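Trainee: This is the structure I have questions about; it appears just below.
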Amino acid sequence: MRSFAFVAVCLFTASCGPSGRIERPPTSGEEDTTLGASDVFDVRVFGEEELSGTYRVAQDGTIDYPFIGRMEVAGLEPYEIADLVEGRLRDDGYLVNPQVSVFVQEYNSKRISVLGAVRNPGSFPMQSGLTVVQAISLAGGFTSLANRDGTTVSRRVSGETRRFAVPVDAITSGREGDFAVQAQDIIYVPERIF
């Protein structure tokens, strides 16, 4: 009898297969912060204003940096870019002990989708630290027919699609923690069933 009840619950919420199951959101996840084409970031070199600036990654994955020239940055983490700039400035004899920081402004190469009962569904650039509630705000917020606690996030994990239930009303009232979004996530807000 217990196994029948379990099967009934699985069929009611979603299919029990690995790609159809709706799970609770993980408490943490690793965010992909590597840079790609069209991403925008700041390079700050301590005490060297002429070497500090804002850069957009070209379609070929490079930037043109003063004195150094063209540098391949696609696929690198911000700290790896900072290390690369420091090394080139030091090794090429421009600075003795450069101190470089890199801050990402826009992750245009990484996008998320917000679909369903939101005012402006679509694809949006990923931002570092973005949560489900913030992503729904980017999409104009909920429509009047939205089933807020029916919100799900679909994500590719180890080659399979997993769906996570995100109780937005519980999050906004402080009863649950918000869910961090990752690049390529699909957030879906269903309509209420009357």
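The values are calculated or read from the model by the stated rules, or taken from the named source; none is laboratory data. These numbers come from a predicted model, not from an experiment. Cβ sites come from the backbone with ideal geometry, for glycine too, and all protein chains shown count toward neighbours. Calculation scope for accessible area: heavy atoms of the full protein, side chains included, ligands and nucleic acids excluded. Shrake-Rupley method; radii C 1.70, N 1.55, O 1.52, S 1.80 Å.
Trainee: If I go through the range 118-144 residue by residue, how many of them are open to solvent by 60 Å² or more (accessible area, probe 1.4 Å) and touching a Leu at 6+ places or on another chain (Cβ under 6 Å)?
Mentor: Final tally of qualifying residues: 1.
Trainee: Search the range 67-99 for residues being in a loop (DSSP other than H, G, I, E, B) and in contact with a Phe, Trp or Tyr (Cβ under 9 Å, 6 or more places away or on another chain), and hand back the single one that is nearest to THR34 (Cα to Cα). Reasoning before the result, please.
Mentor: Kept after step one, since they are in a loop (DSSP other than H, G, I, E, B), are these residues of the range 67-99: 67-68, 73-77, 92-99.
Next, only the ones that are in contact with a Phe, Trp or Tyr (Cβ under 9 Å, 6 or more places away or on another chain) stay: 67-68, 73, 92, 94, 98-99.
Working: PHE67: 24, ILE68: 21, VAL73: 9, ASP92: 26, TYR94: 27, PRO98: 23, GLN99: 21 Å.
Going through the qualifying residues, I end up with VAL73.
Trainee: Sticking with this structure for a sec: Give the residue, chosen from VAL85, VAL100, VAL104, that is within 27 Å of ASP178 (Cα to Cα), touching a helix residue (DSSP H, G or I) at 6+ places or on another chain (Cβ under 9 Å) and not hydroxyl-bearing (Ser, Thr, Tyr).
Mentor: Numbers: VAL85 fails: within 27 Å of ASP178 (Cα to Cα); VAL100 fails: within 27 Å of ASP178 (Cα to Cα).
Of the residues listed, the single one that is within 27 Å of ASP178 (Cα to Cα), touching a helix residue (DSSP H, G or I) at 6+ places or on another chain (Cβ under 9 Å) and not hydroxyl-bearing (Ser, Thr, Tyr) is VAL104.
Trainee: Oh, and also: Return the total of residues in the range 38-51 being within 19 Å of the chain's Cα centre (by Cα) and either more than 25 Å from SER128 (Cβ to Cβ) or surrounded by fewer than 15 Cβ atoms within 10 Å (Cβ to Cβ) (or both).
Mentor: Number satisfying all stated conditions: 1.
Trainee: State which residue pairs qualify: first residue without any contact (Cβ under 8 Å) to a residue 40 or more places away in the chain and inside the range 141-155, second residue of a type in the set (Ser, Thr, Tyr) and buried (at least 16 other Cβ atoms within 10 Å of the Cβ) in any location, beta carbons under 8 Å apart, and separation of 6 or more residues or different chains.
Mentor: Filtered contacts from the range 141-155: THR151/TYR188; SER154/TYR188.
Trainee: So which residues in the range 135-194 are under 27 Å from ASP32 (Cα atoms), among the charged types (D, E, K, R) and assigned to a loop (DSSP other than H, G, I, E, B), if there are any at all?
Mentor: GLU176, ASP178, ASP185
Trainee: Any idea which of (1) polar (S, T, N, Q); (2) closer than 30 Å to ARG175 by Cβ; (3) open to solvent by 40 Å² or more (accessible area, probe 1.4 Å) is the one GLN99 doesn't satisfy?
Mentor: (2)
Trainee: Here is a follow-up. Are any residues in the range 145-167 surrounded by 16 or more Cβ atoms within 10 Å (Cβ to Cβ) and within 18 Å of the chain's Cα centre (by Cα), and if so, which ones?
Mentor: If the condition is that a residue be surrounded by 16 or more Cβ atoms within 10 Å (Cβ to Cβ) and within 18 Å of the chain's Cα centre (by Cα), then THR151, THR152, VAL153, SER154, ARG155, ARG162, ARG163, PHE164, ALA165, VAL166 are the ones that fit.
Trainee: Let me ask something else. Say we look at the range 168-191 and pick out the residues that are open to solvent by less than 10 Å² (accessible area, probe 1.4 Å) and closer than 14 Å to ARG111 by Cα; which of these is farthest from the chain's Cα centre (by Cα)?
Mentor: ILE187
Trainee: Follow-up question, since we're still on this one. Just need a number here: residues in the range 84-109 that are closer than 15 Å to SER52 by Cα and touching a strand residue (DSSP E or B) at 6+ places or on another chain (Cβ under 8 Å).
Mentor: Step one: filter the range 84-109 for residues closer than 15 Å to SER52 by Cα, giving 84-86, 88-89, 94-95, 98-105.
Now narrow it down to the ones that are touching a strand residue (DSSP E or B) at 6+ places or on another chain (Cβ under 8 Å): 84-86, 88-89, 95, 98-105.
Number satisfying all stated conditions: 14.
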